[in-house]
């Protein structure tokens, strides 16, 4: 039982070290002129102390390229200031919070850092939590759908208590294993708001005439629309909204260049008492996503991975010298770069029967030459195997990835014969029981040509077991609609999102829990809508996965969660619900040659990871030539 | 003449209504709406959408109502000058478009000037020196310009400008000027970047204009009044500019109608390739993501300009060319 489990920030500085706090040079003028209080009054009394590879010097500008105005949200992803967050070893640790106590997996007590302030200098307290919980999340104008799903285990919300200025408690009646991972997400569950700022737009607190004038000025329909427009903690497009992130937006949209400046009240310092972030300003330039690799190659970005693809690698490498940057290759996190999804909910009954046949799915998997795909398309740098957790995940077992993933045409033919698909047309294609030939149309979202390239190779080997494959690129929305409605026979898309799962992360991707799961959209929809729409799973193994998932939700210890995970992964390996190809395809990461503390090798992943987020970009710094080259050679981080 | 004008103005109203219906229908033809596209896009990159926020916006903007209600709601707003709300930018459409209009105007206007500056002398020269080797050489160049895909030319020029001249790739100015107010440095930076899009967008237009001017002028040069004037000993240049060239200009004036919306919309494909901060890429994006108020209102704005442009060019023609004016008068 996880009774009284406590997460305590590993490196909380003893208060006597406060004497060593050093003022940031670029803020010195503002402090002298009285515009800003001294650093001792800006950082929390117990700041978070970063454990950095090399100690940096503050200053400099970090330029990055983004493709649209919506991408300002990436600064919240990269900034990764979370109540509780993942460390690079994928362990949850308090970040903004000083500590968090968990009792029985259902009572969560959050302790803030004393003296922590918002980016406008106002205190960050339990009132900010109360405001969100009572006045935002449970206000039917602001949140028509009520509390977010991860705060409703078994459909019931928590009891909320304020235990003082710096402590709050959420108590559920049932365990809530989704709560902490959601707080640590790249697009996190924000359970707090800058109450002092947002109250002026809230019906309950603002004077009616003043609020009406504000609504009218902003061209909004009512106060709720205005509040919603300004309350963009994730999207981060309101320069006036106070924040806890390392860099705060200074440019009012619309713009093609967004400037983020250092948060003078940031809660982290380095080992020597310098306040983070080191870098003064981050500049996001907006350019079309297709031109971003070219611009990056021309040296217009200091840190870029978004919108770069593996096939840009050679081009980028060629410009490395000329524009003084380094191209690093990081692993990506999906369970498979591309996976085939036989649609178990396809409308055609004959086909549905075949898709439900375990032997058929296994035969299709055996008839794929993953080694060839790896060599031809990914220069042999990827990991071959099924669509499941990656070797970096603590849950990884070799068998999960290799099950039915060897290239064995004889066995594939054997299995197909066993099913009874022995009749063949004149060109060697096998025939369905009703006489149609086995022609599988594989649809994709049409976003890139990579799918077509992979399918081309699979087509050749499937041909040799008497199965014809046709590729049909579509358009993203249309593609999903066709899969959801059962018109698509088979689809190809990214594999499971979280290949780096740990036992404490929800195994929802492995059970029919969402319509987005391309192998069983209708079963997923059935779960999502609590039986209002979709179909109940009629395959015992799928039902078992769903039961296991529900057991996981009720589990209170990590051991129990781990056991359930392994049960699910075993079923997943045995049943081949999705057919993986290769995983861990490398992501080019372009890093300015002077930028320090960016790991040589890393994981580029959305959740867990937040892309650069878990490596905490607030500790990145520029080493300019005039500075002593004390750390010119950074040892690569220990492999994980 | 006055009743003709009134008639022309009145006919614009049903035209615009018809256009608005067509625009709205076409934008709503693809399955789904902005939010479903947005959710699909986020999910394909592994991100989860904030469903609570989306539910809120859907209710606010009446996505649950019937299509005709949504249409009336949109048109009603347009009549009040409210162009609606862009979901992608999270801003009123006026603000999104406003910023880009000036730069689009600069690019397009310079391009038109460039086109005229090149096409006129070359066109006149080719017509007066028909079938000389210079005519052939210029014609060949013109056709090359017409046939080269402009996006390819754009990429080639971008590469050389970056490698040899150190000009940043794409955009209309060096990054540090983007959010600054206008200054001498900014204007210089814009000028340094402007020539590539101007040449790229201009080449195709230049070639076709040379051909048209040449053909029109050739027609006129054969005519008897030219022979007569020449026989009377009028200076060849004076003759050329005073009579046949003026006659050959008529098609350009009727072009104003399509010129006006072109100035505002910019060349979408080239702008996308070169990542220009103009309205073309914005419109393309809005259409792709079904950001319907942004796309719809902007298209409506362009339709309005086209209608006005045609009206203006008709009037200009009548004013400039007595034959059109008098013939219209005679028919009445």
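The values are calculated or read from the model by the stated rules, or taken from the named source; none is laboratory data. Given the structure is predicted, the values throughout are model-derived calculations rather than measurements. Here Cβ is always computed from backbone atoms with ideal geometry, including for glycine, and neighbour counts include all displayed protein chains.
The sole residue among B:89, B:85 that is facing chain A (nearest Cβ under 7 Å) and farther than 30 Å from residue A:498 by Cβ is B:89.
One line per residue, one yes/no per condition, for (1) within 14 Å of chain A (Cβ to nearest Cβ); (2) outside any loop (DSSP other than H, G, I, E, B); (3) surrounded by fewer than 18 Cβ atoms within 10 Å (Cβ to Cβ); (4) touching a helix residue (DSSP H, G or I) at 6+ places or on another chain (Cβ under 8 Å):
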site: B:123; (1), (2), (3), (4): no, yes, no, yes
site: B:142; (1), (2), (3), (4): no, yes, no, yes
site: B:146; (1), (2), (3), (4): no, yes, yes, yes
site: B:154; (1), (2), (3), (4): yes, yes, no, yes
site: B:158; (1), (2), (3), (4): yes, yes, no, yes
site: B:163; (1), (2), (3), (4): yes, yes, yes, no
site: B:168; (1), (2), (3), (4): yes, no, no, yes
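Quick one: is residue B:197 within 14 Å of another protein chain (Cβ to nearest Cβ), surrounded by 13 or more Cβ atoms within 10 Å (Cβ to Cβ) and under 30 Å from residue A:251 (Cα atoms)? For residue B:197, the condition - within 14 Å of another protein chain (Cβ to nearest Cβ), surrounded by 13 or more Cβ atoms within 10 Å (Cβ to Cβ) and under 30 Å from residue A:251 (Cα atoms) - is met. Out of everything in segment A:455-484 that is away from chain B (no Cβ under 12 Å) and in contact with a helix residue (DSSP H, G or I) (Cβ under 6 Å, 6 or more places away or on another chain), what residue ends up being surrounded by the most Cβ atoms within 10 Å (Cβ to Cβ)? The qualifying residue surrounded by the most Cβ atoms within 10 Å (Cβ to Cβ) is A:465. Taking segment A:292-334 as the range and being farther than 30 Å from residue A:389 by Cβ, facing another protein chain (nearest Cβ under 10 Å), in contact (Cβ under 8 Å) with a residue 40 or more places away in the chain and part of a loop (DSSP other than H, G, I, E, B) as the test, only A:300 passes. For segment A:214-226, give me the residue count where each residue is at the interface with chain B (Cβ under 10 Å from one of its Cβ atoms) and crowded, with 20+ Cβ neighbours inside 10 Å. Adding up the residues that qualify gives 3. The residue that is farthest from the other protein chains (Cβ to nearest Cβ), counting only those in segment B:55-68 that are more than 15 Å from residue A:219 (Cβ to Cβ) and part of a loop (DSSP other than H, G, I, E, B), is B:66.
Only one entry of A:12, A:32, A:24 meets the criterion of being surrounded by fewer than 17 Cβ atoms within 10 Å (Cβ to Cβ) and modelled with pLDDT of 90 or more, and that entry is A:32. The set of residues in segment A:231-254 being within 13 Å of chain B (Cβ to nearest Cβ) and either outside any loop (DSSP other than H, G, I, E, B) or touching a residue at least 60 places away in the same chain (Cβ under 8 Å) (or both) consists of A:231, A:233, A:234, A:235, A:236, A:237, A:249, A:253, A:254. Of all the criteria given as (1) assigned to a loop (DSSP other than H, G, I, E, B); (2) in contact with a helix residue (DSSP H, G or I) (Cβ under 6 Å, 6 or more places away or on another chain); (3) within 9 Å of chain A (Cβ to nearest Cβ), the one not satisfied by residue B:100 is (1). Of all residues in segment A:424-435, those satisfying the criterion of being under 15 Å from residue A:350 (Cβ atoms) and either free of Cβ contacts under 8 Å to residues at least 12 places away in the same chain or loosely packed, with under 13 Cβ neighbours inside 10 Å (or both) are A:431, A:433, A:434, A:435. Criterion applied to B:221, B:237 was being away from every other protein chain (no Cβ under 14 Å), surrounded by fewer than 16 Cβ atoms within 10 Å (Cβ to Cβ) and farther than 30 Å from residue B:100 by Cβ, and the one residue passing it is B:237. Screening the candidates B:71, B:38 for the property of being more than 7 Å from chain A (Cβ to nearest Cβ), modelled with pLDDT under 80 and either crowded, with 16+ Cβ neighbours inside 10 Å or not in a loop (DSSP other than H, G, I, E, B) (or both) yields one hit, B:38.
When B:285, B:291 are screened for being within 13 Å of chain A (Cβ to nearest Cβ), surrounded by fewer than 22 Cβ atoms within 10 Å (Cβ to Cβ), more than 14 Å from the chain's Cα centre (by Cα) and at pLDDT 80 or above, only B:285 passes.
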